[in-house]
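To start, the structure itself, in structure tokens.
The values are calculated or read from the model by the stated rules, or taken from the named source; none is laboratory data. Only a predicted model underlies this, so the values are computations on that prediction, with no experimental measurement involved. FYI the Cβ positions are ideal-geometry reconstructions off the backbone, even for glycines, and counts take in every protein chain you see. Just so you know, the surface numbers come from the protein's heavy atoms only, side chains and all, with ligands and any DNA or RNA stripped out. Shrake-Rupley method; radii C 1.70, N 1.55, O 1.52, S 1.80 Å.
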Amino acid sequence: MGNRADHREPVGIIPAAGTASRISPLPCSKEIYPIGFPQTSGAAPSAPEVACGWLLRSMKTAGVQTANVILRPGKWDIPAHLKNGGAFGMNLSYLIMTRPYGVAYTVDTAYPFIGERPVVFGFPDILFEPQSALSAMLTRFHAAKSDIVLGLFSATTPEKMDMVALNAHGNVTEIDIKPTRTALKYTWILSVWGHRFSEFLHQRVAAHHRTLTPSQKEKWDGKGELHLGVVFQEALAAGFRVDHLTFEQGTYVDIGTPDDLKKAVLRYNTPHRNC
């Protein structure tokens, strides 16, 4: 059915509610961990770029003016640092995640605030290039009248990622969540979607929540969490138009592990790179 060329102003959703348990302890939330010193227009950098800067600048390039940053209680250093988003030329608002049952729940926290606008989504702890990725995806979303557009990159650690299967015609056919072994090449790390999927996600989260027992809610151990990739797969099976853009020359680094955090700092800690 598609989004019927919905040209409402897009809104960003940025999930920043994780615990960063694999790289703890840190002196700050991982989303604002200083990574490098980007330089623009020949000017010397005045401050280090924080991890989420890659995503925020890509959203800005795509024309996103407003974004919802979703926090868990205690991560107050993120709004203290990013403030209202003025340093990125954006307007940021902050929402509190109260149901820690998976990324799909975190994203759904923004449901009352996005209306029927297209959503531009990315992870604030994944540094990626090109910066123009989200802009190209939003263009594809409108041109193809998609329900969902996935931004695909060659996976460096398939066992940690949502792997995307494509058929001979280049169509998305399946999303495999963190497979132990796979021949698939691409993972999604960015997404754009329309109102139809926002509604589908909202209903899917509500249905999942009804299956949780009181003891599960009281002592949540992470088992059975609802992955956003699972909801993408269910939407695909339900007949949603799921398109993609593959960034063959693109790169990404997920700073969620000590080795990858070190890799990101070493890679981007030079004054001549653009984020």
- Task: Given the conditions (1) at pLDDT 95 or above; (2) open to solvent by 50 Å² or more (accessible area, probe 1.4 Å); (3) at positive phi; (4) small (Gly, Ala, Ser), report the number of the one that residue 80 does not fulfil.
- Result: (3)
- Task: Please state which of the following conditions residue 209 fails to meet, knowing it meets all the rest: (1) touching a residue at least 24 places away in the same chain (Cβ under 8 Å); (2) crowded, with 16+ Cβ neighbours inside 10 Å; (3) assigned to a helix (DSSP H, G or I); (4) not small (Gly, Ala, Ser).
- Result: (2)
- Among what's in the range 151-205 and is among the basic types (Lys, Arg) and modelled with pLDDT of 95 or more, pick the residue that is farthest from residue 263 (Cα to Cα). 196
- Query: For the range 94-168, which helices (runs of 4 or more DSSP H) that fit wholly inside it have 1 or more residues that are polar (S, T, N, Q), open to solvent by less than 50 Å² (accessible area, probe 1.4 Å) and in contact with a helix residue (DSSP H, G or I) (Cβ under 7 Å, 6 or more places away or on another chain)?
  - Reply: 133-144
- From the list 253, 242, 192, 231, which one is in contact with an Asp or Glu (Cβ under 7 Å, 6 or more places away or on another chain) and under 19 Å from residue 107 (Cα atoms)? 242
- Message: Can you tell me which residue is surrounded by the fewest Cβ atoms within 10 Å (Cβ to Cβ) among those in the range 216-275 that are among the charged types (D, E, K, R), modelled with pLDDT of 90 or more and in a loop (DSSP other than H, G, I, E, B)?
- Response: 248
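Results for (1) among the polar types (S, T, N, Q); (2) without any contact (Cβ under 8 Å) to a residue 40 or more places away in the chain; (3) out of contact with any Phe, Trp or Tyr (no Cβ under 7 Å at 6 or more places or on another chain), shown as yes or no for each residue.
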residue: 164; (1), (2), (3): no, no, no
residue: 179; (1), (2), (3): no, yes, yes
residue: 185; (1), (2), (3): no, yes, yes
residue: 218; (1), (2), (3): no, yes, yes
residue: 223; (1), (2), (3): no, yes, yes
residue: 228; (1), (2), (3): no, no, yes
residue: 236; (1), (2), (3): no, no, yes
residue: 253; (1), (2), (3): no, no, yes
- Scanning the range 172-205 residue by residue, those open to solvent by 60 Å² or more (accessible area, probe 1.4 Å) and of a type in the set (S, T, N, Q) turn out to be 173, 180, 203
